[in-house]
Every structure is written in structure tokens, then in C-alpha cells.
Amino acid sequence: MTFLVANWKMNPQTSREARHLFDMIVDLGRLKNVETIICPPFPFLSVFGSPKSIKLGGQNMFWEAQGPYTGQVSGKMLKDLGCDYVILGHSELREYAGESDEIINGKLKMALKCGLTPILCLGEREGEEMGHVLSAQLEKCLKDVAKNQIEDIILVYEPVWAISSGIVGSGKPCLPDDALSASLFVKKTLSVLYSRFLAEKIRILYGGSVDAQNAASYVKEARLQGVLVGGASLDGQEFSKIANSLNDLT
Ligand code: PEP
């Protein structure tokens, strides 16, 4: 199964537009070889009814179960709204909300407790050394995550410089060969932290300026299990093309 994650970020601006975009892509849930996961802003999670085949995910959650945490959203709330997934550790939250690996680790453990599949974003900023950053992020974000839970996590190699907004980088996609090297590095690190067997089982996606032209190359050439799409997921036609290109591969 290939995973296709849509990160709508803080878009669109009204529930009417969100519903319209969702209606354009809801049929992608029927694709046999692709699991499509839509991660809209929290207020829109409840406007799509209960979609059967397309999956929903949150873009973030809090590390505590409940209580006096103004402005936060719990894992249980996401589950209650029909989410199966939650994106964690996105570089924009690291950048603008000061999220550390320790905070992400707390959120990840709570997500697992709530029965959500964490989609954990990892990646270096422009000028940083890929291996150095990935090993530190993996070690800290996965601290105290048990062996039997590691398979429940999806990892995304998302180099910060490749994100299309270009706010903190060039916004140019990573070459499939480089995405492959990063995923091999992730597996090597996980074999040390866990075991070779588990490292081979973990699902790794790529994110950063993915579009209909390049999406399939990350699965075919970089041998990854899917892609996370930001900007291009806001265009229903482009996103459908991405989904179909992935579906045609297998
Ligand atoms: C992202 O920010 O998660 C992302 C992948 O964005 P884009 O596809 O727009 O580069």
C-alpha cells in the first residue's frame, strides 16, 4: 500500500471551500493501491461527514490527555472526529511554535496511546548535515517508544529546504536518489535503536515540493512507501493526478 498524505496547513479559509476541495478528491478513497489521508485544519475535521474510504488526520495534537491547556487539541478529540492519523514534528511547528524533539516525543507517545498513527516528520534545514540531524531527531522523538509500537509509526523524510513555501529554504524538491539515501540512513539508525527486522518494516514517506510530475519517482526510484503533499494538495486536480500516478505504479 502506498500512502498519500495531504497537509492543508492553514488553508482554505472557509468551511465551504474546505467542503468543495474535499468533494473534489473524496473519490480517491476508492483507489486500490493508495491510502489517501487528508489532514485539514481542526475546525474542518467535522464538516466532511464520516468519509468511509478516505482517511482523516490531524495536523498536530497536545501531549497531555485533557485539562487546562488553552488552545490545545487532544488525541481523543481527534479520534472522536474520525481521525486515524496525526502529523507530528512538522518543521513549521518546530520553526514557529518552538517545538523541540522532546515535545514531539511526548505528543507521539500520547498519539499512540490514543490509537492514532503518528506521521512523524524528520529532516534537516538548509546547510545542516542530513545524517547528524536525522539520527538526533530519531533518537529523541522515539525515546521510550517500545519495540512493539515502532511499526505503528509512519516516518516522513521532509528536508526543510525542500518545502515549497520556500520560507526557510529553496523550496526545490529533493532528488529521489537523495531521498533514498536519507531513508537508508533512517533504517540504519533504527536498526541500532531497535533491530534490523523492525527497521526494514517501518514505512518511510517523502515530503517537500511533491507534485504530479515527481510524486511517483519517490516510490519507484527512491523505493519509499508514499509521499506527504503540502501546496499541491490544495489543488483538487493536481492532487488527484498525484494519487492516480501512485495508484498506477503497483
Ligand atoms: C509540507 O510542508 O509538509 C510540505 C510537504 O509542503 P510542500 O508539499 O508544499 O512542499
> Which members of the range 1-56 meet the condition of being out of contact with any strand residue (DSSP E or B) (no Cβ under 9 Å at 6 or more places or on another chain), of a type in the set (Gly, Ala, Ser) and open to solvent by 40 Å² or more (accessible area, probe 1.4 Å)?
Replying inline: Ser15, Ser46, Gly49, Ser50
> Of all residues in the range 57-78, which are open to solvent by 20 Å² or more (accessible area, probe 1.4 Å), over 22 Å from Asp23 (Cα atoms) and either basic (Lys, Arg) or touching a strand residue (DSSP E or B) at 6+ places or on another chain (Cβ under 8 Å) (or both)?
Replying inline: Asn60, Val73, Lys76
> In the range 87-96, is there at least one residue being outside any loop (DSSP other than H, G, I, E, B), in contact with a Leu (Cβ under 6 Å, 6 or more places away or on another chain) and buried (at least 22 other Cβ atoms within 10 Å of the Cβ)?
Replying inline: yes
> Does at least one position in the range 136-154 carry a residue that is within 15 Å of the ligand (Cβ to nearest atom), touching a Phe, Trp or Tyr at 6+ places or on another chain (Cβ under 8 Å) and in contact (Cβ under 8 Å) with a residue 60 or more places away in the chain?
Replying inline: yes
> Which one of these is among the hydroxyl-bearing types (Ser, Thr, Tyr), in contact with a strand residue (DSSP E or B) (Cβ under 9 Å, 6 or more places away or on another chain) and touching a residue at least 60 places away in the same chain (Cβ under 8 Å): Ser233, Ser240?
Replying inline: Ser233
> Glu126 fails exactly one of the following numbered conditions: (1) surrounded by fewer than 15 Cβ atoms within 10 Å (Cβ to Cβ); (2) part of a helix (DSSP H, G or I); (3) within 16 Å of the ligand (Cβ to nearest atom); (4) of a type in the set (Asp, Glu). What is the number of that condition?
Replying inline: (2)
>> Can you tell me how many residues within the range 9-60 are out of contact with any Lys or Arg (no Cβ under 9 Å at 6 or more places or on another chain) and assigned to a helix (DSSP H, G or I)?
In response: 17
> Scanning the range 87-105 for residues that are among the charged types (D, E, K, R) and more than 11 Å from the ligand (Cβ to nearest atom), which turns out farthest from the chain's Cα centre (by Cα)?
Replying inline: Glu102
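The values are calculated or read from the model by the stated rules, or taken from the named source; none is laboratory data. These figures come from a predicted structure and were not determined experimentally. Ideal geometry is used to build each Cβ from the backbone, glycine not excepted, and the neighbour counts take in all protein chains shown. Only protein heavy atoms, including side chains, enter the accessible area calculation; ligands, DNA and RNA are left aside. Shrake-Rupley method; radii C 1.70, N 1.55, O 1.52, S 1.80 Å.
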